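Asker: Input: one structure, supplied below.
The values are calculated or read from the model by the stated rules, or taken from the named source; none is laboratory data. Bear in mind the structure is a predicted one, so any value in this text is a computation, not a measurement. Here Cβ is always computed from backbone atoms with ideal geometry, including for glycine, and neighbour counts include all displayed protein chains.
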Amino acid sequence: MRKAFICPSKYVQGENELLNLGYFVSTYGKKALLIAHKDDIARVKNQLDKTSKEYGVVFIESNFGGECSRVEVARLREVSAEYNCDCIIGLGGGKAIDTSKCVAQGGPLIIVPTIAATDAPTSHSAVLYTEEGAFDDYAYFKQNPHVVLIDTTIIAKAPTRFLVSGMGDALSTYFEARATSNSYSNVNAGLPCGFRENLCGPAKATKAALELAKLCYKTLLEDGLHAKYACDNNQVTPALENIIEANILLSGLGFESGGLAGAHAIHDGMTILEGTHKYYHGEKVAFGTIVQLVLENAPKEELEEVLRFCFSVGLPICLSDVGIDSYTEEELRQVAKKACIPEESIHSMPFPITEEQVLAAILTADSIGKAFKKKME
Ligand SMILES: [Zn+2]
């Protein structure tokens with residue numbers, strides 16, 4: 001059986017780690033194209049100035065427009081060529097990170113997440129949008145980021161909702177990897193760059209990826225709540241450090257080499273409902289995880305454990321928690337339909353999937369979540 005596992009060349013996290021950014025740039029040369037929103041640059045301006053001086057490197061600011069679109073990627077590639085940049089830095093949230101991956105195209109790339117809201121930083125893929133912000137396509141690169149650099153002091157100072165949302169994204173990792181392993185489905189780690197179809201043969205998950213996904217879930221249960229409290233106080237504690245590692249490293253490696261399944265497909269389905277748009281990716285994925293557990297009739301104790309965790313940190317457990325307050329059955333049928341399109345990861349579940357099953361699981365998960373809330377009151 002062909003298996004694949006991929007990861008960044010280096011992952012480093014610590015307090016005030018941003019002060020070492022200049023060092024990593026200097027391993028490639030003198031100049032780095034900095035792709036970051038101006039507000040994020042303002043947040044870390046002092047650290048950038050300090051590290052560029054200490055290591056004798058220059059950050060070329062690029063007025064990042066905020067959207068990961070083909071037009072913006074082409075413009076930034078020109079800027080990079082014009083200044084002869086030796087490497088690319090993506091600093092900030094998901095859009096800046098994805099854009100930097102597209103500009104670097106698998107070349108020297110340093111990712112500096114300033115929030116821990118998703119597991120995108122370590123992966124070799126990006127999502128492209130149109131200039132108007134609608135989904136365009138997925139892109140895959142020949143190499144994962146060379147360095148993922150995380151300054152825990154900066155993450156601790158970001159709003160707690162980002163961290164909690166990242167826990168929602170990380171929550172799905174084990175359950176989706178488990179489903180993918182049980183069904184012997186292919187994982188993203190086997191994809192060659194630039195193509196969605198696997199031209200050099202499909203690859204399955206390694207034991208390593210499934211274990212990392214398991215550790216991700218275990219860490220959330222152990223440290224999630226105390227990490228949230230630490231973040232509320234903008235403090236770095238061991239629990240917060242563990243959750244940053246779970247949200248970014250364990251979840252990132254776990255999803256890319258362990259596989260996605262029901263939870264993310266249900267997330268994708270829910271995005272067609274306007275009400276969900278003000279909720280973050282990981283918040284919707286958390287509810288998607290509960291739906292997946294209902295869909296696969298997971299043990300009652302396991303479902304209870306997930307519900308308890310979500311409730312304790314403030315992650316959604318029913319439809320109204322993700323902005324779906326009133327709905328028609330037809331609307332939810334459309335959600336199920338979108339979740340079940342042929343290219344969706346839901347088909348990595350270890351049994352055949354129908355729209356009816358998914359609709360039933362959404363409605364049932366909603367009732368279970370509501371009942372759980374009532375019980376906790
Ligand atoms: Zn995700």
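Asker: Filtering segment 354-364 down to residues that are aliphatic (A, V, I, L, M) and without any contact (Cβ under 8 Å) to a residue 60 or more places away in the chain, which residue is nearest to Ser326 (Cα to Cα)?
Answerer: Looking at residues that are aliphatic (A, V, I, L, M) and without any contact (Cβ under 8 Å) to a residue 60 or more places away in the chain, I get Leu363.
Asker: May I pose another question? Quick one: how many residues across segment 80-92 are surrounded by fewer than 21 Cβ atoms within 10 Å (Cβ to Cβ) and either not assigned by TED's automatic domain parsing to the domain that holds Ile35 or not in a helix (DSSP H, G or I) (or both)?
Answerer: Of the residues in that region, 3 qualify.
Asker: Next question. Please go through segment 106-134 and pick out each residue that is over 14 Å from Gly94 (Cα atoms) and surrounded by fewer than 24 Cβ atoms within 10 Å (Cβ to Cβ).
Answerer: Gly106, Gly107, Pro108, Thr130, Glu131, Glu132, Ala134
Asker: For segment 93-116, which positions are outside any helix (DSSP H, G or I) and under 18 Å from Lys38 (Cβ atoms)?
Answerer: Gly93, Val112, Pro113, Thr114, Ile115
Asker: Testing Tyr138 on (1) touching a helix residue (DSSP H, G or I) at 6+ places or on another chain (Cβ under 7 Å); (2) within 14 Å of the ligand (Cβ to nearest atom), one condition comes back false. Which one is that?
Answerer: Going through the list (1) touching a helix residue (DSSP H, G or I) at 6+ places or on another chain (Cβ under 7 Å); (2) within 14 Å of the ligand (Cβ to nearest atom), Tyr138 breaks only (1).
Asker: Every residue in segment 320-357 that is of a type in the set (D, E, K, R) and in a helix (DSSP H, G or I), please.
Answerer: Across segment 320-357, the qualifying residues are Asp321, Glu329, Glu330, Glu331, Arg333, Lys337, Lys338, Glu355, Glu356.
Asker: Restricted to segment 231-266, and to residues that are buried (at least 21 other Cβ atoms within 10 Å of the Cβ) and hydroxyl-bearing (Ser, Thr, Tyr), which residue is farthest from Phe162 (Cα to Cα)?
Answerer: The residue in question is Ser257.
Asker: Restricting to segment 244-273, and then to whatever is among the small types (Gly, Ala, Ser) and under 19 Å from Lys3 (Cβ atoms), can you tell me which residue is farthest from the ligand (Cβ to nearest atom)?
Answerer: Ser257
Asker: For segment 358-375, state whether one or more residues are surrounded by 15 or more Cβ atoms within 10 Å (Cβ to Cβ), assigned to a loop (DSSP other than H, G, I, E, B) and assigned by TED's automatic domain parsing to the domain that holds Ala227.
Answerer: No, that holds for no residue.
Asker: Tell me, yes or no, whether segment 289-311 has at least one residue that is outside any helix (DSSP H, G or I) and exposed (fewer than 13 other Cβ atoms within 10 Å of the Cβ).
Answerer: Checked segment 289-311: at least one residue is outside any helix (DSSP H, G or I) and exposed (fewer than 13 other Cβ atoms within 10 Å of the Cβ).
Asker: Against the condition within 16 Å of the ligand (Cβ to nearest atom), of a type in the set (A, V, I, L, M, F, W, C) and in contact with a helix residue (DSSP H, G or I) (Cβ under 6 Å, 6 or more places away or on another chain), how does Cys102 come out, does it pass?
Answerer: Spelling it out, it is not the case that Cys102 is within 16 Å of the ligand (Cβ to nearest atom), of a type in the set (A, V, I, L, M, F, W, C) and in contact with a helix residue (DSSP H, G or I) (Cβ under 6 Å, 6 or more places away or on another chain).
Asker: Among the residues of segment 109-123, write down those that are out of contact with any helix residue (DSSP H, G or I) (no Cβ under 6 Å at 6 or more places or on another chain) and either within 16 Å of the ligand (Cβ to nearest atom) or outside the structural domain of Val147 (by TED's automatic domain parsing) (or both).
Answerer: The one that is out of contact with any helix residue (DSSP H, G or I) (no Cβ under 6 Å at 6 or more places or on another chain) and either within 16 Å of the ligand (Cβ to nearest atom) or outside the structural domain of Val147 (by TED's automatic domain parsing) (or both): Pro113.
Asker: Before we move on, is Arg70 more than 23 Å from Tyr279 (Cα to Cα), touching a residue at least 40 places away in the same chain (Cβ under 8 Å) and more than 19 Å from the chain's Cα centre (by Cα)?
Answerer: When the stated conditions are applied, Arg70 passes them.
Asker: Next question, about the same structure. Looking at segment 20-61 only, could you name the residues that are within 27 Å of the chain's Cα centre (by Cα), basic (Lys, Arg) and surrounded by 14 or more Cβ atoms within 10 Å (Cβ to Cβ)?
Answerer: Across segment 20-61, the qualifying residue is only Arg43.
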